[in-house]
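Structure first, commentary second.
Please treat every number below as a calculation from the coordinates, not as lab data. Computed from a predicted model, the values in this text were never measured in an experiment. Cβ sites come from the backbone with ideal geometry, for glycine too, and all protein chains shown count toward neighbours.
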């Protein structure tokens, strides 16, 4: 029949267009990676030249000197103890903030009074400087637990806003259809809410992970818990060990980037299992 042939032609055309778009996206990502690598090399060269021009290691070490100091730190047990301590506390704060933000977002969407109650709190947390939170928190918690609390507070409003945005983006027609056909709650969550919320939640997690690492280490620098990265940074600063200062900064950056990629990869895998590959890629 002519309409079947036309439908097949349209389907073939759509598949061809999709393949072309995927190839364009792949090429753009490849070019972007190349430019990114070139930019890193450029700024490392600028850093090396600036360190050579200053000629004072106390003020600025070269990237080669900082890398050499990091290599010296790697075999030391104290190094890995500090990494484990800080990573465990900061990520615990992140996970607590993620769980709490999802619960609060769902409750705020369900009940207006909860929304009215939480909105000023989230605005207050976002507007308050991190340093103020750290100093205030030291009145209530020990330096050892400070990074957990600060990471939690910094993550909470970010993911709360992301989840609320995802919930509000759900298709109202699908929601009405689900109500009319009395779809079970589990089917509604899987078919409507998760596809709407997960992209915003993923983006929020990407931002929140970077924020919680920066704020968590800042809390450690002020609270000075023994065996933490923040304590090592403070000791390097007061002893004018600029090489160690830059080496530990490298470690923080690498840990933040690594945990972000690992968490997002695990999240994508979990989404693919729950929604199927098509839903995860949507």
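Note on residue 179 and residue 57: the extension gain reaches 37.1 nm, defined as 0.36 nm multiplied by sequence separation minus the Cα-Cα distance.
Potential lengthening of the chain between residue 40 and residue 113 amounts to 21.4 nm, from the contour at 0.36 nm per residue minus the alpha-carbon distance. Look at 244, 23, 109 and count the other Cβ atoms within 10 Å of each Cβ; fewest to most, that gives 23, 109, 244. Spacing of the modelled spin labels on residue 188 and residue 132, each 7 Å from Cα toward Cβ, amounts to 3.9 nm.
Ranked by how many other Cβ atoms sit within 10 Å of their own Cβ, fewest first, the residues 267, 153 fall in the order 267, 153.
Distance between Cα centroids, the stretch 189-242 to the stretch 31-95: provide it in whole Å. Cα centres, the stretch 189-242 to the stretch 31-95: 17 Å. Among (i) 57; (ii) 45; (iii) 49, only one was calculated for this model; which label is it, if the read-out is percent of Cα pairs over 27 Å apart? It is the value labelled (i). Computed over the stretch 125-206, relative contact order equals 35 percent, with contacts defined as Cα pairs under 8 Å that lie 6+ residues apart. Against the main long axis of the alpha-carbon atoms of the chain, helix 229-238 sits at an angle near 30°. Rounded to the nearest 10 degrees, the angle from helix 242-275 to the longest Cα principal axis of the chain is 20 degrees.
Which angle from 0 to 90°, rounded to the nearest 10, does the C-alpha axis of helix 143-168 make with the longest principal axis of the chain? Orientation of helix 143-168: about 20 degrees from the principal axis.
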